[in-house]
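Enquirer: Okay, here's the structure, questions in a sec.
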């Protein structure tokens, strides 16, 4: 064979290989997540959850013979950067669908980009109501909204004898997440004529919570409600509250930093008996969910919580939609097909039932493509002495009994 | 005691608690700022990598505690000298040739250095945040019902000791006099026989050591992660400019003032405006004293 012929053969072979690879190309899912910076541990959680789901789905033959792939871009927990990387995922990586986001501030940015560039965004964890109440038809959400977070706590104070607060101090960060949840909790408390003795918004990533807690202590509140999107804030504010010597009947956090294992790991005994209302992580009394917990623990060495369950479920919801969609290879057309397909979703994941619908939230927000079962997805959990966060209310989801009032605080 | 008495007492307690918290936090602010101001005063370098030096000190104390079981406060005797040497090496091999090219160059150069150090730390330590819980420091001391967190109290005592040491160094030793002379006028100092290059190197080492020392003192009260320098450096610049660029007493006064204003502002005005109050104070001081609280104008 002449040199030229060899070259030609080699070229055509490589061409054939690459076009073969093209036909087998993976279906791309984009996920902006904080992989560095203060929120990096959350990015890591979602990465683990996504890759477990992706491995399982691909091992079972993928989507009609094609593998799926999750491309994570780091937004460093910075809102403007979240918009930039979302755009990068859509235009450069040509992803079919977006998920992730991690915090509400970033998800709001991603949702706007997704709506503008006509790419479906299946929100897995960010909870601010506004994300699904702007009428964005390209944005979907499986997890409950922020204003639903306090519902389990609301049930607790109504249903448990003598638990109704005599007064409450509310301290929350001035992010979309913090304000939404605090607003929802305070609206309910006011409707029950509970005096709000402190209404304090702090800037996220504060270095010193002692002044706020000094102010709170002066009012001697019956309940202290804390909202922190950042784990470092949750840790520091709990530590400073206890250092200053506030002794309410209960400290109640609402998801965010109060729902992650590091909270107990870093605070040690100071975390004991702190409540967290929010963190729906599937019903542990469901066999399928329990099985996922065990599988995850065997693989990564720690029990999954809301973030891992949500991330894992998100990939299955997207995979289900992709499976039903007739993809053509034209990215723009396929994104619309996937959106239509998502609208038809009706399934059960480890997180719970899922069906996207348009309905009205507890504060009157008009949701678009928000999981219709969201109001069932709120649970009150409590940290125990072993550093575990166990569900305590409502009873149907409970894993253990609640400790109330918090005796650890009485000195 | 009657009702009004209790009311008054609790008011007094809140005020005292705010002042104590403010001074404790402020002393840490001051510690971070002193290293920055000393480097600026002598070398006219705005060291944007200062926050990363603090971060390295924090990680040093963290690792020596978790791996070797050395008390973080004691580990200062390892990390301050180590970072002193590190700072001198950075000056000798990285900074020395850039300094004569002007302040803008060193500014960009240290900005690059800060990115490099932060990203190396991210690579080696990962982005996880960590906290250090000292068994003896879980609950604060409560003299007169005012909460005084133990790690902050120890940090305050050590910060005072370091400040006195620094004062003695600058005022009583030949090196200290040479540093001050160089700060006042490098050319005249050189004419008087001061080896300005050597003094620059020592000063940069000193600034780095002070940053690391501040980091060590911060660790038991704060959390740490590789890019924590970002949130510290902004405060640090406010303090340094507030106190007067290049002035060590100014940085101390500025740090404590900022700590106090933030604490009292959060309690008596609003937490949401805590940072706003700090910056308004900053603007007011600059408006009426453009060279800072204790700054001395330099032509």
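Enquirer: How many nm is it between the label spots at residue A:299 and residue B:92, if each spot is 7 Å from the Cα in line with the beta carbon?
Expert: 5.1
Enquirer: Could you put B:91, A:377 in order, starting from the residue whose Cβ has the fewest other Cβ atoms within 10 Å?
Expert: With the sparsest Cβ surroundings first, the list reads B:91, A:377.
Enquirer: Please compute the modelled spin-label separation between residue A:372 and residue A:25, points set 7 Å along Cα→Cβ, answer in nm with one decimal.
Expert: In this crude label model, residue A:25 to residue A:372 measures out at 3.6 nm.
Enquirer: Compute the normalised compactness of the protein assembly as shown: alpha-carbon radius of gyration over 2.2 N^0.38 Å, N being the residue count.
Expert: For the protein assembly as shown, the normalised Cα radius of gyration comes out at 1.06.
Enquirer: Another question, then. Kindly provide the pair-distance distribution of segment B:19-240 built from C-alpha pairs, with 10 Å bins from 0 and whole-percent values in order of increasing distance.
Expert: The distribution over segment B:19-240 is 8, 33, 35, 18, 5, 1, given as percents.
Enquirer: Next question. Once both labels are modelled 7 Å past Cα along the beta-carbon direction, what's the residue B:279-residue A:199 spacing in nm?
Expert: 2.5
Enquirer: Here is a follow-up. Given N residues in segment A:94-158, what is its alpha carbon radius of gyration divided by 2.2 N^0.38 Å? Could you put the intermediate results ahead of the total?
Expert: Numbers: Rg = 13.1 Å, N = 65, 2.2 N^0.38 = 10.7 Å.
Here the answer is 1.22, to two decimals.
Enquirer: Expressed as a rounded percentage, what relative contact order does segment B:19-240 have, with Cα pairs under 8 Å and six or more residues apart?
Expert: Value for segment B:19-240: 47 percent.
Enquirer: Given R₀ = 56 Å, FRET efficiency for residue A:93-residue A:401 by Cβ-Cβ distance, to 0.05?
Expert: That gives a FRET efficiency of 0.70.
Enquirer: Another question, if that's okay. With an 8 Å cut-off on Cα pairs and a minimum separation of 6 or more residues, tell me the relative contact order of chain A in percent.
Expert: 17
Enquirer: Report the rotationally averaged projected area of segment A:61-142 based on its alpha-carbon convex hull, in square nanometres. Please list the in-between numbers first.
Expert: Numbers: hull surface 21.9 nm².
Hull-based average projected area comes out at 5.5 nm².
Enquirer: Cα centroids of segment B:38-78 and segment A:374-407: how far apart, whole angstrom?
Expert: 41
Enquirer: Could you work out how much longer the chain between residue B:157 and residue B:128 gets when fully extended? Use 0.36 nm per residue separation minus the Cα distance between them, nm to one decimal.
Expert: 7.4 nm
Enquirer: To continue, here is another question. Can you give me the angle between helix B:248-268 and the longest principal axis of chain B, using Cα atoms only, in degrees from 0 to 90, rounded to the nearest 10?
Expert: 30
Enquirer: Among A:407, A:355, which comes first, then next, by fewest other beta-carbon atoms within 10 Å?
Expert: A:407, A:355
Enquirer: Going by how many other beta carbons lie within 10 Å of each one, how would you line up A:339, A:141, fewest first?
Expert: A:339, A:141
Enquirer: Which angle from 0 to 90°, rounded to the nearest 10, does the C-alpha axis of helix A:176-191 make with the longest principal axis of chain A?
Expert: Relative to chain A, helix A:176-191 is tipped by roughly 40 degrees.
Enquirer: How big is the gap, in Å, between the Cα center of segment A:264-278 and the Cα center of segment A:344-367?
Expert: Here the two parts' Cα centres lie 30 Å apart.
Enquirer: Using a Förster radius of 51 Å, what is the FRET efficiency between residue B:78 and residue A:286 based on their Cβ-Cβ separation? Nearest 0.05, please. Working shown, then result.
Expert: Values: r = 52 Å, r/R0 = 1.03.
That pair, residue B:78 with residue A:286, gives E of 0.45.
Enquirer: How much of the DSSP bridge set in chain A is antiparallel, in percent, rounded to the nearest 5? The partial results should precede the final answer.
Expert: Details: 15 of 47 bridges.
Approximately 30 percent, going by the DSSP bridge assignments.
Enquirer: What whole-number distance in Å separates the alpha-carbon centres of segment B:177-235 and segment B:238-299?
Expert: About 20 Å separates the Cα centre of segment B:177-235 from the one of segment B:238-299.
Enquirer: Remind me, what semi-axes does segment B:131-227 give for its equivalent ellipsoid, largest first in whole Å, using sqrt of 5 times each Cα gyration tensor eigenvalue?
Expert: Values: eigenvalues 285, 50, 13 Å².
One finds semi-axes of 38, 16, 8 Å for segment B:131-227.
Enquirer: Further question on the same structure: In a solvent-free Debye calculation with one equal scatterer on each Cα, what is log10 I(q)/I(0) for segment A:62-106 at q = 0.21, 0.29 Å⁻¹, listed in the order of the q values?
Expert: -0.70, -1.09
Enquirer: Here is a further query. Mind grabbing the base-10 log of I(q)/I(0) for chain A at q = 0.08, 0.09, 0.11 Å⁻¹? Debye formula, identical points on the C-alpha positions, no solvent, two decimal places.
Expert: At q = 0.08, 0.09, 0.11 Å⁻¹ the computed log10 ratios are -0.43, -0.54, -0.77.
Enquirer: If you stretched the chain out fully between residue B:198 and residue B:107, how much longer would it get, using 0.36 nm times the residue separation minus the C-alpha to C-alpha distance?
Expert: The residue B:198-residue B:107 span can extend by a further 30.7 nm.
Enquirer: Does segment B:197-299 classify as rounded, prolate or oblate by the C-alpha gyration tensor (a ≥ b ≥ c root eigenvalues; a/c under 1.5 gives rounded; else a/b over b/c gives prolate, otherwise oblate)?
Expert: In terms of gyration-tensor shape, oblate.
Enquirer: So if we plug the beta-carbon distance of residue A:160 and residue B:13 into 1/(1 + (r/R0)^6) with R0 = 41 Å, what FRET efficiency do we get, rounded to 0.05?
Expert: So the FRET efficiency works out to roughly 0.80.
Enquirer: What percent antiparallel are the DSSP beta bridges of the protein assembly as shown, to the nearest 5?
Expert: Antiparallel bridges make up about 35 percent of those DSSP assigns within the protein assembly as shown.
Enquirer: Something else: How high is the relative contact order of segment A:354-411, in percent, with contacts defined as C-alpha pairs under 8 Å that are six or more residues apart?
Expert: Relative CO of segment A:354-411 lands at 19 percent.
Enquirer: Roughly how tilted is helix A:3-23, in degrees to the nearest 10 and between 0 and 90, from the longest Cα axis of chain A?
Expert: For A:3-23 against chain A, the angle is about 40 degrees.
Just so you know, all these numbers are worked out from the coordinates, no wet-lab data involved. All values derive from a computational prediction rather than experimental measurement. Note that we place each Cβ from the backbone using ideal geometry, even for glycine, and neighbour counts take in every protein chain shown.
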